[in-house]
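First up is the structure itself, then whatever we jot down about it.
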Amino acid sequence: MFDIKLIRENPDKVKEGLKKKNADLSMVDGALALDIKRRGLLGEVEKLKAENNRVSGEIAKMKKEGKDASGIIAEMKKVSDSIKAMDEELSKVDAELNSTLLLIPNLPHESVPVGADENSNQVFALWGEKPTFDFKPKPHWEIADYLGILDDKRAAKVTGARFVFYKGYGALLERALINFMLDVQTREHGYTEIFPPILINRDSMTGTGQLPKFEDDAFKLSDPDYFLVPTAEVPVTNMHKDEILLENDLPIKYAAYSPCFRKEAGAYGKDTKGIVRMHQFNKVELVKFVRPENSYEELDMLVKNAGVILQRLNLHYRILLMCAGDLGFTQTKKFDLEAWHPGGNRYWEVSSCSNFEDFQARRARIRFKDKDGKTRFVHTLNGSGLATSRLLPAILESFQTADMEVVIPEVLRPYMGGIDRICKK
């Protein structure tokens, strides 16, 4: 969320950043107009209240002296009515200004490349080599169907499209991935494990930027006004909503597993085969609360922490630096980690690592007290660490054999009771 002071003092800079994100620049002018109106009303109300206080003193003095104050009391009743009316108008303007500010996207960092869409994203790094086969590799849904480890047909009968049953070794592999990723992040990288609620309230969704802009993409209950978690980023970031943290406690780092629920409204008819685009999927999320001075160093470390998982699994991947036009609403800078899926002959995003600077912290009112005693907003970061609905298919496709067995990466074998491959029963 924007500090209106930034828009007020440098509207051209804000518009320049928003233009890079293909955002509506008129929101800046709208916010400025409301800010001027608000400050004007505030000034008038303060003048009337000061006059009211002054005259109240005079009335008290007149009554003490036994003088008739009825005339001045009647006049002040009019002033009080004016104050009440202006306070109500001020509340309306405040609400309208706040609603406008909630719809203005975060500005891209100066290091983010300029570009209109995903075609301008830059390949930042590559790791490993694409696997080679002496046969044509099959897509993960064919492998999973042959092995009997994923069942979307029965899930569609139970719920609907874009849901799946994980069965047998498929369920075990999914659980192994989650436990492996949590163990690496907590035991080696210093993250504290969190298992968050999967129902969250409206204020929490607003705090991380999902609302009000993306309400139609979320699954929600009608009563009470709760939402199914779209990512663990939402509950975990809001753990510290309305808090003032201690500088010595920063950075605070959390690793959280949760199921995630998304309507995928803009993906109708896309990627209907397999499990890469589901309404419900599993993900380990990494969330950081950091000092503003260190946030971009922390972003680099976040990317490394996520990448270690792919490296331990020996999966080829690339890192993309996203251009301004392909950044999300809340992000100032983002790196996507994309694993190679040989069966589909393409890369799929398995992690997005983002810096939001103080955008979320302002919305959720998360601050810290620095060594000089000044209260400031923290910077928040998050990254997938990783999404299993993209990771499991990469494993099935990268480690398939000619007879459609799947060799289990060595690091996962202890989590799977020592089995080294999945075979057809």
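Looking across segment 22-46 at every residue that is open to solvent by 70 Å² or more (accessible area, probe 1.4 Å) and free of Cβ contacts under 8 Å to residues at least 40 places away in the same chain, the one that is nearest to the chain's Cα centre (by Cα) is identified as D24. Residue count for segment 236-256, restricted to those that are open to solvent by 50 Å² or more (accessible area, probe 1.4 Å) and either farther than 21 Å from N355 by Cα or out of contact with any Ser or Thr (no Cβ under 8 Å at 6 or more places or on another chain) (or both): 7.
The one condition from (1) in a loop (DSSP other than H, G, I, E, B); (2) within 28 Å of the chain's Cα centre (by Cα); (3) exposed (fewer than 13 other Cβ atoms within 10 Å of the Cβ) that F163 does not meet is (3). In segment 401-418, of all residues being β-branched (V, I, T) and within 14 Å of P342 (Cα to Cα), the one that is least open to solvent (accessible area, probe 1.4 Å) corresponds to V406. Confirm whether E233 is buried (at least 18 other Cβ atoms within 10 Å of the Cβ) and in contact (Cβ under 8 Å) with a residue 12 or more places away in the chain. When the stated conditions are applied, E233 passes them. Looking across segment 47-71 at every residue that is among the acidic types (D, E) and loosely packed, with under 12 Cβ neighbours inside 10 Å, the one that is nearest to E88 (Cα to Cα) is identified as D68. Applying the set (1) modelled with pLDDT of 95 or more; (2) not in a helix (DSSP H, G or I) to A33 leaves exactly one unmet item: (2). Applying the criterion of being part of a loop (DSSP other than H, G, I, E, B) and in contact with a Lys or Arg (Cβ under 7 Å, 6 or more places away or on another chain) to the residues of segment 365-387, the residue that is modelled with the lowest pLDDT is D370. When the strands (runs of 3 or more DSSP E) confined to segment 245-340 are screened for residues that are in contact (Cβ under 8 Å) with a residue 40 or more places away in the chain and closer than 24 Å to Y166 by Cβ, those reaching at least 2 such residues are found at 252-261, 280-290.
Taken over segment 76-98, the criterion of being in contact (Cβ under 8 Å) with a residue 12 or more places away in the chain and over 17 Å from L42 (Cβ atoms) is satisfied by M76, S80.
Among the residues here, E75 does not qualify as open to solvent by 70 Å² or more (accessible area, probe 1.4 Å), of a type in the set (D, E) and modelled with pLDDT of 95 or more. Can you pull out the residues in segment 167-209 that are buried (at least 22 other Cβ atoms within 10 Å of the Cβ) and on the phi > 0 side of the Ramachandran plot? Selection gives G209 alone. One residue alone among L172, L150, L101 is closer than 18 Å to G274 by Cβ and either in contact (Cβ under 8 Å) with a residue 24 or more places away in the chain or hydrophobic (A, V, I, L, M, F, W, C) (or both), and that residue is L150.
Would you be able to say whether some residue in segment 299-316 is under 30 Å from G373 (Cα atoms) and open to solvent by 10 Å² or more (accessible area, probe 1.4 Å)? Yes.
Residue check: is D216 open to solvent by 50 Å² or more (accessible area, probe 1.4 Å), free of Cβ contacts under 8 Å to residues at least 40 places away in the same chain, out of contact with any His (no Cβ under 9 Å at 6 or more places or on another chain) and not in a loop (DSSP other than H, G, I, E, B)? In short, no.
With respect to the conditions (1) basic (K, R); (2) in a helix (DSSP H, G or I); (3) modelled with pLDDT of 95 or more, K61 falls short on a single one, namely (3). The number of residues in segment 88-107 that are open to solvent by 50 Å² or more (accessible area, probe 1.4 Å), assigned to a helix (DSSP H, G or I) and not polar (S, T, N, Q) comes to 6. Within segment 187-213, the set of residues being more than 16 Å from the chain's Cα centre (by Cα), outside any loop (DSSP other than H, G, I, E, B) and not acidic (D, E) comprises R187, T192, I194.
Condition (residue is open to solvent by 40 Å² or more (accessible area, probe 1.4 Å), closer than 26 Å to A324 by Cβ, part of a helix (DSSP H, G or I) and in contact with a Leu (Cβ under 6 Å, 6 or more places away or on another chain)) applied to segment 1-15: is it met by at least one residue? Within segment 1-15 (the criterion being open to solvent by 40 Å² or more (accessible area, probe 1.4 Å), closer than 26 Å to A324 by Cβ, part of a helix (DSSP H, G or I) and in contact with a Leu (Cβ under 6 Å, 6 or more places away or on another chain)), the answer is yes, since at least one residue qualifies. Residue count for segment 349-364 satisfying the condition of being open to solvent by 10 Å² or more (accessible area, probe 1.4 Å), in contact (Cβ under 8 Å) with a residue 40 or more places away in the chain and either within 16 Å of L250 (Cα to Cα) or part of a strand (DSSP E or B) (or both): 3.
Scanning segment 369-400 for residues that are open to solvent by 30 Å² or more (accessible area, probe 1.4 Å) and among the hydroxyl-bearing types (S, T, Y) yields one hit, T375. Scan segment 140-160 for residues that are surrounded by fewer than 20 Cβ atoms within 10 Å (Cβ to Cβ), assigned to a loop (DSSP other than H, G, I, E, B) and not small (G, A, S) and jot them down. Result: T159, single match.
The values are calculated or read from the model by the stated rules, or taken from the named source; none is laboratory data. Just so it is clear, the structure is predicted and the values come from calculations on it, not from any experiment. Virtual Cβ from ideal backbone geometry, glycine too; neighbours counted across all protein chains shown. Remember, those area values only see protein heavy atoms, side chains included, never the ligands or the DNA or RNA. Shrake-Rupley method; radii C 1.70, N 1.55, O 1.52, S 1.80 Å.
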